[in-house]
Amino acid sequence: MKVTVLVGSQWGDEGKGKIVDLLSEKYDIVTRYQGGANAGHTVVIADRQYILHLIPSGILRENVICVIGNGVVIDPTALLEEITLLEKNNIKVDGRLFISQNAHLIMPYHKLLDTISESGENKIGTTGRGIGPCYIDKYARKGIKIVDLLNRKSLEEKIRKNLEEKNNLLKKVYEHEELDVEEIIKQYLEFDKTIDKYIKDVPSFLNQSISEGKSILLEGAQGALLDVDFGTYPFVTSSSPTSGGACTGTGIPPNKITDVIGIVKAYTTRVGNGPFPSELLDEDGNKLRETGAEYGATTGRPRRCGWFDAFLVRYSVMINGINSVAITKLDVLSKMDKIKVCTGYSINGKTLKTFPTDVDRLSNVKPIYKTLQGWKVDISNCGNFSELPEKTKEYLNFISDSAGIKIDIVSVGPKRNQTFFVN
Ligand code: GDP
Ligand code: IMO
Ligand code: MG
């Protein structure tokens, strides 16, 4: 019986979707615990590509039950679009998807306020999905939850009350036209008809499942360095992607978690703004972007690319309690003549002992690099560790030692079968 948390160890897009899909064969339940439709988790099965934003990536395995926990913020429009798309592809959702009654709803004003705040200076480079404004309302105790969809009268009252405040803000502060209250009420009253059947008391369901010996995979979105507490604040998302978020975002207590798997890209990428010490702004960066198809699964934005940062991953291992790692996109490095690994940072000639999340310091660090020889051979068909070229093995051993990680899974392509277990 396993209750495994799977986390992104860098700045998101590490290949979580692919690894969740792979591992979910061995789990009964897959649960998302934070974030929302800002996530884009890609799963490739045969020649078909699915990009999941809200529904756990386990949905593509027919025996798996999928759960959306209370920590997730749900845009009903995005959710229904995703359900429709899956069903069109003959993937059954009804009876396999459950949503926590305590998850908060993304409202049209959240998306609008996200866009407005990104149109000024000091842009974070958000996905524009309304994530930050929705979590603001949650913590300001003004949010509207999934359970509110079940009480039409109170839903209408809550929307009216919120709209009064938001329209004031839109008009007086942002000089933006007001939103149509009646239209939003009509739209959200409709959602109960379709979402009702998915609503569940998720903490009871998950804890009961654990006591029956079922195994659960908790699918994190984003990555540790985008965590609102442990990431590169303010260039972060508004939730807790780190492993602690898996408890608060589902109702599974910490003593029921059995292990933490970190998904680690063989190099580093980041979308949006914020410091990125090992970023490559040269031809090598472009090469990684083009070879790795590093364009956002949600927004299509080009991802910033850089060398593997072992110092950053070491920090991620510490705050997440990662005890096992899946290395992804190793094949993407195959074209590089030389490959660098950032092993630490210095400021004014002084080597740092701990990772600085303070953005002012992080923007001023100088990465310390070790240069390794590239292997220059296609590895995308390698089916086990021994088939890898010697130089690839050296690279894996080096990042394993310098980041303090135990590599159990290696991914050499986007497909399910382009993966192998080490040992
Ligand atoms: P996630 O958000 O962590 O699930 O990652 P994304 O889906 O946003 O981005 C990962 C991208 O890399 C997707 O397009 C995957 O299909 C692709 N991918 C995953 N693993 C590998 C791999 O080992 N090699 C290559 N070349 N692509 C991969
Ligand atoms: P997955 O789950 C990569 C980034 C945005 C921005 C910051 C805040 O696919 O790995 P937000 O819309 O959350 O308020 O944006 O976080 N971001 C991601 N970057 N992968 C993601 O998700 C991301 N979700 C948000 O680009 O910098
Ligand atoms: Mg992604």
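Here are a few things to note about the model shown:
- Sites listed here are chymotrypsin sites (Phe, Trp or Tyr not before Pro) in segment 18-55 whose DSSP assignment is loop and whose Cβ has at most 15 other Cβ atoms within 10 Å, and the list is empty.
- Here, P(r) means the percent of Cα pairs in each 10 Å bin from 0 to the largest distance; for segment 273-355 it is 14, 42, 35, 8.
- In units of the rule-of-thumb radius 2.2 N^0.38 Å, the chain shows an alpha carbon radius of gyration of 0.99.
- Sorted by Cβ neighbour density within 10 Å, fewest at the top, the residues 283, 182: 283, 182
- Neighbourhood net charge (15 Å Cβ-Cβ; Lys/Arg +1, Asp/Glu -1) for residue 363: 0
- Cβ-defined net charge surrounding residue 105, 9 Å radius [Lys, Arg +1; Asp, Glu -1]: -1
- All alpha carbon pair distances within segment 206-339 were sorted into 10 Å bins beginning at 0; the resulting P(r) in whole percents reads 11, 38, 32, 15, 5, 0.
- Here the peptides 37-43, 146-152, 3-9 are ranked by packing, the mean other Cβ count within 10 Å, and the order with the highest first is 3-9, 37-43, 146-152.
- Neighbour counts of other Cβ atoms within 10 Å put 83, 261 in the fewest-to-most order 83, 261.
- For residue 81, neighbours were defined as the other residues whose beta-carbon sits under 15 Å from its Cβ, and their charges (Lys and Arg +1, Asp and Glu -1) total -1.
- Residue with peak Gaussian network fluctuation, the chain [Cα springs, cutoff 10 Å], from 18, 406, 193: 193
- Difference of contour (0.36 nm per residue) and Cα-Cα distance, residue 361 to residue 423: 18.3 nm
Since every read-out is calculated from the coordinates, none of them should be taken as a lab result. Just so you know, these numbers come straight off a predicted model, no measurement behind them. Virtual Cβ from ideal backbone geometry, glycine too; neighbours counted across all protein chains shown.
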